[in-house]
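A quick write-up on the structure given underneath.
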Amino acid sequence: MNGVLGLLLLLLSAASTYVRPVVTKECDSINMFGGMCLGVRGRSTPLPSALEECQVTDTDIAFLLDGSGSVAGYEFTTMKNFVVNLIQTLQKKTNNIQFAVSQYSSGCDIHMNFNEFSRAYNWASSVRNIRQQQGGTMTAAAISKLVGQLFVSSAGARPNANKILIVITDGESEDGSNLPSAIARADAKKIIRYAIGVGNAFDSYRARQELDKIASSPAKDYVFKVSNFGALSKILSTLEENIIAIEGIAWLHSIHGRVRPITRCQESPWREDVSLGILPLTDV
Ligand SMILES: [Mg+2]
C-alpha cells in the first residue's frame, strides 16, 4: 500500500509541476495539485475551474551533429536518420515542439533554424540531404554559436519555451578547454543539454568526462553512451520519454496495469484518469 501510494504521489507531484491552478481549496481528504482535492473514500471532488486555464509549455529542441572527419559516412547517415525518427516521433506526441538542426566539425552550420524548419517544404528530406562537413571537432565553439545565434528570437526560438540541445558526437573535442565557458553560456540561457556519445573514442575516461560536461546534470539522466551508431535507435524511447516528461506529459500506470496519459490541459480525460487511478487505492 505505501509503495503504491508513494509511487502515485510521486507521479502526481511531478505532474503538479506543470499544473499550477491559482485556486486553493480546503479538502477533507488529500489536498494536491495546489488546490485540487483527491477523494480517498470513494469519491473525488471536481477539479477547480482554474485548472482549465493552465498554460501549455512550448519546447524548442536543437540538434547538433558531429560531422567531423572521424565520423564514417554511414555513421553520419545513421545520425541523420536518428534525428528524423526522433522528430517524427515527438511530432506525433505534441505540437508544441519546435526543432532546429545544425552540424559542426571545425566550424558550425545551422542548417535549419527554428523558423526555417517550420517553413521547410520537406524538413525530413532536408535533414537527410545534409552533407557531412569532415574536418576537426570544435564542440565548444559549436555550442557557443548555437547559444548565441540559434536560441534567439531572430532564429525563431521562443523566449518562454523550454530549451533543449541534443549533441551527438563520436569523439573528443579539440577545444575542450573552452567547454566550461560554452556550457556556462548555455546554462545562463537555461538550455537543457543531452550528450549522446558514439564510437570507441568514448571508452576513455577523458571522453566520458567531456560528455558529462556537455550534458546537464545529473549525467545519468542526460548522457547516453553507446558503442556504435546503430545503437542510437535503442535510446530513442528513453530520450523521448525524457523530453515528453519535460513537456509536462506523464504516463500513469494505474494499479490495474492500465497505462493512461495525463496531460496538463485536457481536463476531462485527466479527471477520468485521476478517478480511475486514485479511487481504487482505498481497496488496497
Ligand atoms: Mg571528430
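With respect to Glu26, determine if the residue is in a loop (DSSP other than H, G, I, E, B), away from the ligand (no atom under 16 Å from the Cβ) and modelled with pLDDT under 90. If you could, list the steps in order and put the result at the bottom.
Numbers: in a loop (DSSP other than H, G, I, E, B): yes; away from the ligand (no atom under 16 Å from the Cβ): yes; modelled with pLDDT under 90: yes.
For Glu26, the condition - in a loop (DSSP other than H, G, I, E, B), away from the ligand (no atom under 16 Å from the Cβ) and modelled with pLDDT under 90 - is met.
Kindly list, by first and then second residue, each pair from a residue in segment 139-155 that is within 10 Å of Asn178 (Cα to Cα) to a residue that is at pLDDT 95 or above and of a type in the set (Phe, Trp, Tyr), limited to pairs with Cβ atoms under 8 Å and residues at least 6 apart or on different chains.
Within 8 Å, the pairs are Thr139/Tyr104; Ala141/Tyr104.
Among the numbered conditions (1) at pLDDT 95 or above; (2) of a type outside the set (Val, Ile, Thr); (3) in a helix (DSSP H, G or I); (4) over 15 Å from Tyr104 (Cα atoms), tell me where Ser144 comes up short.
Every condition holds for Ser144 apart from (4).
Mind checking which strands (runs of 3 or more DSSP E) fall wholly inside segment 56-121 and carry at least 3 residues that are within 16 Å of the ligand (Cβ to nearest atom), crowded, with 19+ Cβ neighbours inside 10 Å and in the same structural domain as Asp175 (by TED's automatic domain parsing)? Talk me through it step by step, then tell me what you get.
Numbers: elements: 59-66, 97-104, 108-112.
Correct list: 59-66, 97-104.
Restricted to segment 153-184, and to residues that are in contact with a Ser or Thr (Cβ under 6 Å, 6 or more places away or on another chain) and over 18 Å from Ser204 (Cα atoms), which residue is nearest to the ligand (Cβ to nearest atom)?
Ala182
The values are calculated or read from the model by the stated rules, or taken from the named source; none is laboratory data. Model, not experiment: these values are computed from the prediction. When we count neighbours, we look across all protein chains shown, and the Cβ atoms used for this are built from the backbone with ideal geometry, even at glycine.
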